[in-house]
Amino acid sequence: MTLPPEQPTDGELLTAVLAGQREKFAEIVQRYQSPLLRLAMSRLGRQQEAEDAVQQTFLNAFRWLDTYDSRYSFRTWLWTILINNCNRLHQRSARRAETEVGDSPVIQFQADDAAAEPLAAMITAERHEHVRRLLTELTPSQAEAVRLRFFGQMKFQEIADSLGCTLPAAKARVRKGMIRLTELLSASTLSAGRVGDLIDD
């Protein structure tokens, strides 16, 4: 993430927090809340569960901050905590779904622009939900890599670090995942040429 010169780096904020300026952690939350929520939504699909996962991620990060190794990317560390929280929530929801009968939950998305037209917000929500459903058709490793790349906006090396794989493997997972998404979109009512538009929304 490129920051304006006047803003402190992640490292500076973390040093301040560890030195006792606990209020500085709020700046970390503000900096990463939106991208973490996008990634959580792409994995969980439910607004409330996604928000819970993000909140738990920040709580865990604050609690375990003294274990963070500054030789590595803080963002990668934070994203890894989120992935683990999302996986736990997803497994819990899957177990609950086995014992409950009901309609699928309504997916709600918050428009980035509060003044956005209702129709535009609805179309954006439908696109996100469509891509989220298609991601379930990929292998778990491919889906996770694609989510990190396009919803988490992570670099390939960060994806590799987060998933515990090599850089070539991370690139291959994203590439194969995108090829599969293109195939799935080609077979659906949407044009395959809109893959990038859908994921970048």
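Brief remarks follow.
- Members of segment 53-66 that are outside any loop (DSSP other than H, G, I, E, B), open to solvent by 50 Å² or more (accessible area, probe 1.4 Å) and at pLDDT 90 or above: 55, 56, 59, 62, 63
- Of all residues in segment 51-64, those that are touching a residue at least 24 places away in the same chain (Cβ under 8 Å) and charged (D, E, K, R) total 1.
- Failed item in (1) under 23 Å from residue 137 (Cα atoms); (2) free of Cβ contacts under 8 Å to residues at least 24 places away in the same chain, with residue 67 passing the rest: (1)
- Qualifying residue in segment 106-117 (condition: at pLDDT 50 or above and either small (Gly, Ala, Ser) or closer than 20 Å to residue 46 by Cβ (or both)): no
- Across segment 5-48, the qualifying residues are those that are touching a residue at least 60 places away in the same chain (Cβ under 8 Å) and charged (D, E, K, R), and the one among them that is surrounded by the fewest Cβ atoms within 10 Å (Cβ to Cβ) is 46.
- Single residue of segment 160-185 satisfying the filter (crowded, with 22+ Cβ neighbours inside 10 Å and at pLDDT 90 or above) that is farthest from residue 78 (Cα to Cα): 173
- Residues in segment 67-97 that are part of a helix (DSSP H, G or I), basic (Lys, Arg) and surrounded by fewer than 15 Cβ atoms within 10 Å (Cβ to Cβ) were compared, and the one that is modelled with the highest pLDDT is 88.
- Residues within segment 7-40 that are touching a Phe, Trp or Tyr at 6+ places or on another chain (Cβ under 7 Å) and within 23 Å of residue 135 (Cα to Cα), tallied: 2
The values are calculated or read from the model by the stated rules, or taken from the named source; none is laboratory data. Predicted, not measured: the structure shown is a model, and the values here were computed from it. Because the Cβ atoms are built from the backbone with ideal geometry, glycine has one as well, and the counts that use them run over all protein chains shown. What goes into the accessible areas is simple: the full protein's heavy atoms, side chains included, and nothing from ligands, DNA or RNA. Shrake-Rupley method; radii C 1.70, N 1.55, O 1.52, S 1.80 Å.
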